[in-house]
Amino acid sequence: MDKLFLSGAFKSFIKPRIFVTDGTTFRLHYRVTAMMLTVGSMLVSATQFYGDPIQCIQSADVPKKVLNTYCWVEGTFTLPKALDKEVGVEVVYPGVDKKRPGDDVIHHAYYQWVCFVLLFQAILFYLPRLVWRCWEGGRLKNLLQQLNSPVMAYAEKKKCCDQLVRYFRFNMKHHSVYSYKYLLCETMNLVNVVGQIYFVDYFLGGEFTTYGVDVLRFATSSQDMRTDPMIRVFPRLTKCTFHRYGPSGDVMKYDSLCLLPLNIVNEKIYIILWFWFVALAVATAFSISYKVILLSSKTARYFAIHSLTRLTPKQQLRTIVVKTNYGDWFVLFLLAKNMQVLNFKDFLSDLHKDFSSPFMRHDHDVSST
C-alpha cells in the first residue's frame, strides 16, 4: 500500500492541474469522491490490518479454517425479531437469537462484494471526466498558448494575444456545442451521484437512503430506548448454519456464532459516504442551476467573469459580454481561470478594440473559418 500511495501515478492524480477545464463541483466528483471510494476499497481489502474478515466459534469436530471459509462464502444471517431484545438477558447480541420455523431472516453476504462495489463506484464517478476530456479535446490548452505564464516577453505576449483575438473574430457564436457538452457532463455527474445513492440502497438491502438520518436520530435519542442502525445494517456478530454428515450418514447441523470485525470499517465508510453523497448531490444541483442562470442572463455572466478580471474596465467587459453568446462567454471564462491576470486584461483590451472595428459591426454575420 505504501508503494501505491508513493507511486508517480498517485502523485500525478492528486497534484494540481496546470489547465483547469472544469468547475470546483465537477472536480469534487472525479477527484475527491473517486479517491475516497478507492481508498475505502483498499481499506476493506487490506485484511492484514484487521485480522481475519470473519471469525466463527469452532465446533468440536469442525476445523476452524473450514468453518470460517464456509460462513464467509455462504454468508451469515440475523433475525429481525431479536434486534430490540435486551442484550445479556434475552439475547447475546442484537439480531442473534434461536431460529424457529417461519421466522424472518436477514441474510448478510454483501461484505464479500464491498471492495469491488466501492471500486466500481469510483470508476463511475470518474467516467464523466473522461467524457469531458474527450469532448474538450485540448482546445483550451491550444488557445491558452503560453499566456498562463506571469513572465513573458512583450513581443511574444502580443503575438499570442493577436492569435487569440483572430480566433475569436472568426469563431464568434460557434462555441455553443462546446459549452453544452460541459453542461451535459455536469448533468451526468448529478444523475450519477443520485443514482449511486439508490444503487447502494439496493446493495445494502434498502437501508442506505435513511442510513445517515437513522444514525443521527440514534445519537440524539434516549440511552434506554434505541437500537443502533449501524448494527442493523452492519452487524458485528451474526449466525451461520454449517451442515455435514455424521458418523451414521445423517445430516448434522452446527449453529455457529460468527464475528465480523470488518463491519466496523464498513459502517464508518458508508456513514461518511451517505453524508458526502447527499452534500455532493445538493452542491451539483446548485451548480447546474447556476449554469442555467448564466445561460439565460447576460448580467449574471458579466458579474461572474468580472469577479475573475477586476483589472479590466467595466465598460469594456460589458461590451464583450453583450456581443458574445453563452458559448463564447464560457470559453472566455475558462481562459480567465487559467490565464495570468495581466495577460488576460491585455487580451480583453485587444478583443474590445477588435469588436469596435468595422469588421465586427455585424455580429451575427461572422462565419467560422
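Which angle from 0 to 90°, rounded to the nearest 10, does the C-alpha axis of helix 326-338 make with the longest principal axis of the chain? Around 80 degrees separate the two axes. Computed over the chain with a Gaussian network model linking Cα atoms closer than 10 Å, the most mobile of ASP104, ASP201, ASP346 is ASP104.
Annotation: per residue accessible area for the chain equals 53 Å², rounded to a whole number [probe 1.4 Å, protein chains only].
When the GluC sites (Glu not before Pro) in region 37-131 are filtered for DSSP coil states and for at most 10 other beta-carbon atoms within 10 Å of their beta-carbon, the remaining sites are GLU86, GLU90.
Under 5 Å from the amide H of MET252 lie the amide H atoms of ARG244, TYR245, GLY246, each residue being 5 or more positions distant or on a separate chain, with H modelled from the backbone and absent for Pro and chain starts. Highest mobility in the GNM of the chain, judged by mean-square fluctuation with C-alpha springs under 10 Å and restricted to THR187, THR209, THR220, is found for THR220.
Mind listing which trypsin sites (Lys or Arg not before Pro) in region 291-336 are in a DSSP loop and have 14 or fewer other Cβ atoms within 10 Å?
ARG310
Backbone phi angles across region 141-158, fed through the Karplus curve with coefficients 6.51, -1.76 and 1.60 (θ = phi - 60°), yield HN-Hα couplings of 4, 5, 5, 5, 6, 10, 6, 8, 8, x, 10, 9, 5, 4, 5, 5, 5, 4 Hz in residue order; Gly and Pro are listed as x.
ILE106 sits among other residues whose Cβ lies under 13 Å from its own Cβ, and their net charge, with Lys and Arg +1 and Asp and Glu -1, is 0. When both bridge partners sit in the chain, DSSP labels roughly 95% of those beta bridges antiparallel.
In the structure shown, the pairs LYS268/LYS291; LYS141/LYS268; LYS159/LYS291; LYS158/LYS291; LYS157/LYS291; LYS81/LYS253 are assessed against 30 Å; a Cα-Cα span above that value is assigned to LYS268/LYS291; LYS141/LYS268; LYS159/LYS291; LYS158/LYS291; LYS157/LYS291.
For GLN340, the residues whose modelled amide H falls within less than 5 Å of its own, excluding neighbours fewer than 5 places apart on the same chain, are ASN148, SER149.
Normalised by residue number, the volume inside the convex hull of the Cα atoms of the chain is 195 Å³ per residue.
Share of carbon and sulfur in the accessible area of the chain stands at 62%, probe radius 1.4 Å. Charge tally around PHE234: other residues with Cβ under 11 Å, Lys/Arg +1 each, Asp/Glu -1 each, net 0. Using a cutoff of 8 angstrom between alpha carbon atoms and counting only pairs six or more residues apart, the relative contact order for the chain works out to 25 percent.
The values are calculated or read from the model by the stated rules, or taken from the named source; none is laboratory data. Bear in mind the structure is a predicted one, so any value in this text is a computation, not a measurement. Virtual Cβ from ideal backbone geometry, glycine too; neighbours counted across all protein chains shown. Quick note on the areas: whole protein, heavy atoms, side chains included, nothing else; ligands and nucleic acids left out. Shrake-Rupley method; radii C 1.70, N 1.55, O 1.52, S 1.80 Å.
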